[in-house]
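One structure is given here, and the rest of the page talks about it.
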Amino acid sequence: LFTLPVRGSEGLYMVNGPPSFTESRAFQRDSGKNCKAVAFSKDGSLFAWCNGEKVNIVNVTSAELLRSFDLPKAVCLEFSPKNNVLATWQAYTTAKDGTAGVPNLQLHDVKTGKCLKSFIQKKMQNWCPCWADDESICARNVNNEVHFFENNNFNTIANKLHLQKVNDFVLSPGAQPTKVAVYVPGSKGAPSFVRLYQYPNFGGPQSALANKSFFKADKVTMLWNKKATAVLVIASTEVDKTGASYYGEQTLHYIATNGESAVVQLPKNGPIYDVVWNPNSVEFCAVYGFMPAKATVFNLKCDPVFDFGTGPRNAAYYSPHGHILVLAGFGNLRGQMEVWDVKNYKLISKPVASDSTYFAWCPDGEHIVTATCAPRLRVSNGYKIWHYTGSLLHSYEVPANEEMWQVSWQPFLDGVFPAKAVKYQAVPSELPSAEPKPAQAYRPPALRNKPVTSSKLHEDEPPQNMKPQSGSSDKPLSKTALKNQRKHEAKKAAKQEAKADANQESTQSSASQNAPRSAVPAVTSGDPEVDKKIKNLKKKLKAIEQLKEQAAAGKQLEKNQLEKIQKETALLQELEDLELGL
């Protein structure tokens, strides 16, 4: 049905996906130890790799060799979205005498094998030009401006987007018209900004669809949603000036093509580890906060919809159909995964893939691959294929002296695999479940024969639904409605308070039947001066209480009234001291 290429010191070979997991006979294994890069076309029909001698392209189903290019130094490959162009990149070198080197980024016509254009591209980062999904435009960043080419004609620049210093840009996915998100870093006290444009309207700041400026950004990550209606921007600084985090400081911003923008308020301090859009384009999930990290799903108003509580996690992955979300803790965490049904927010399974350096959903929305690859980890290299219900279906570990560098799924276009109903029952598997033995906590000798007392460093927060209950309307309330609601709540609270007071008084009076009704409160200090002070303090505190209620009901308070409210804690302290002195 589909395949997984595996690249490593054992060479490059293809493995058939579920259910067989055998090596593909159609694809001839390339046993060289020099395979630097592999690439699939977007629809998964073509596969290219470079082996230190040539760059080869094969048809995946028939395994027929379609093209071969003499490029021994190529280290990066990528197909254009409609399979018309193969881009290759090799390290840029200058001649010994200091003269400029030869162009190192090449665009080849897949059908004819002809080189369409060569460019000088010094940096490996963002080396590949970006195409719109229909290949009508192609763009690349050159000396702080974005150059656009149309219909794969690379000899004439059709358009330029010139801002003071474009550091990065991302084209929107999907159909025309193409939109462009650009990032310009701040300088000399000016803020950084991200702007959204619709191609080709680049004339002046007025032509931008949306603009968001912010301080605290050394680099940004821009994420378009699938429908190209909004961009999430993770802005991060290299260093956290407060010293609270090794990871620098991050903020999350939301920018929509209709001009709306907002800062996403994250309820826990700390790094932002991961942010992902749901493929439905109306929700996104953020994993953030000092460990144990929180994970929350937000809607397009940037309001929280569901909070997964806290846990050992630093990554989130939506399934291709958007119906399942995996929260995982990889890298310096133990590889615990939580698989959630997004529609009902129910936990499906909790598999553990320890030492994983890679995770990917299969395009069928059912299977997952996790892998341990070099150079990130040099030992126990291999891959595992799971069903999302937690069953481990296949596991492969390379021999002790070998390394595995890469494994990936063959891609397919959207719609090839229909979405299926979510299962909760673990699918049957030949392999035993891969539950690692829980590591025993170290216990000093003195405590070893005593009963274990559980002492946690922190309490984990449970998951909770943040959606307004079905009884209340989902529509946001207007200002007046909010005002009325607050008034209503304040009245209700006042009524309840009055009731409580009445109850208290009645219990007090029944306790002191012999005392006349209009008696002074039962507790007195015996010193009329102190009693007078206590009475005055209570009076002031009651006035403050009323002012707070008015503020809650939306009333604008005067300066002297606000000052009164600020004195509350001091007055409470004074009252306490007087009453304790009884």
Starting from the Cα-Cα distance between residue 558 and residue 54, subtract it from 0.36 nm times their residue separation and give me the gain in nm to one decimal. 173.6 nm
Considering amide H positions built from the backbone, and no H for Pro or chain starts, which residues 5 or more places from residue 24, or on another chain, come under 5 Å of its amide H? 14, 15, 16
At 7 Å along the Cα-to-beta-carbon direction for both residue 530 and residue 26, put a label point, then send me their distance in nm to one decimal. 9.4 nm
Given points 7 Å out from each Cα along the Cα-Cβ axis, report the residue 442 to residue 136 separation in nanometres with one decimal. 6.4 nm
Let me have the relative contact order for the chain, percent, based on Cα pairs under 8 Å that are six or more residues apart. 7 percent
Stretch in the chain that is longest and holds no GluC sites (Glu not before Pro) that DSSP places in a loop and that have at most 10 other beta carbons within 10 Å: 239-429
Please give the Cα centre distance for the stretch 130-167 versus the stretch 42-57, rounded to the nearest Å. 25 Å
Mind checking the log10 I(q)/I(0) for the stretch 62-217 at q = 0.12 Å⁻¹? Debye, one equal scatterer per Cα, no solvent, two decimals. -0.60
Rounded to the nearest percent, how much of the accessible area of the chain (1.4 Å probe, protein heavy atoms only) is carbon and sulfur? 52 percent
Got a sec to turn the phi values of the stretch 145-154 into Karplus ³J(HN,Hα) couplings, 6.51 cos²θ - 1.76 cosθ + 1.60 with θ = phi - 60°, whole Hz, x for Gly and Pro? 9, 9, 9, 10, 10, 10, 6, 6, 9, 8
Calculated FRET value between residue 216 and residue 260, using beta carbons and R₀ = 22 Å, to 0.05: 0.55
Which Rg and Dmax, in Å, describe the Cα atoms of the stretch 129-228? 13.3, 40
With Cα atoms, 0 to 90° folded angle of helix 528-552 axis to the chain main axis: 40 degrees
With a Förster distance of 22 angstrom and the Cβ-Cβ distance between residue 165 and residue 299, calculated FRET efficiency to the nearest 0.05 equals 0.05
Between residue 290 and residue 568, the two model label points (7 Å from Cα along the beta-carbon direction) sit apart by a distance in nm of 2.8 nm
Return the sequence-ordered ³J(HN,Hα) values of the stretch 375-387 in whole Hz as given by the Karplus equation 6.51 cos²θ - 1.76 cosθ + 1.60 applied to θ = phi - 60°, using x for Gly and Pro. x, 4, 9, 8, 10, 6, 5, x, 9, 10, 10, 10, 9
Which length gain, in nm to one decimal place, applies between residue 401 and residue 34 when the Cα-Cα distance is subtracted from 0.36 nm times their residue separation? 130.5 nm
Cα-Cα longer than 31 Å, checked against 123/179; 188/226; 216/559; 294/555; 54/122, kept in input order, equals 188/226; 216/559; 294/555
Expressed per residue, the solvent accessible area of the chain in Å² (1.4 Å probe) is about 57 Å²
Full extension between residue 282 and residue 122 adds, at 0.36 nm per residue less the Cα distance, a length in nm of 53.8 nm
What's the FRET efficiency of residue 421 with residue 82 using the Cβ-Cβ distance as r and R₀ = 35 Å, to the nearest 0.05? 0.60
One quarter of the C-alpha convex hull surface, i.e. the mean projected area of the stretch 34-128 in nm², amounts to 6.3 nm²
Cα to Cα, under 28 Å, and not fewer than 8 places away if on the same chain: which lysines meet these conditions relative to residue 450? 437
Got a sec? What order do 253, 321 fall in by accessible area at 1.4 Å, biggest, i.e. largest, first? 321, 253
Measure nothing fancy, just the Cα-based angle from helix 568-580's long axis to the longest principal axis of the chain, in degrees from 0 to 90, nearest 10. 50 degrees
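The values are calculated or read from the model by the stated rules, or taken from the named source; none is laboratory data. All values derive from a computational prediction rather than experimental measurement. Backbone-built Cβ (ideal geometry, glycine too); neighbour counts: all protein chains shown. Heads up: the accessible areas ignore ligands, DNA and RNA and are worked out on the full protein's heavy atoms, side chains in. Shrake-Rupley method; radii C 1.70, N 1.55, O 1.52, S 1.80 Å.
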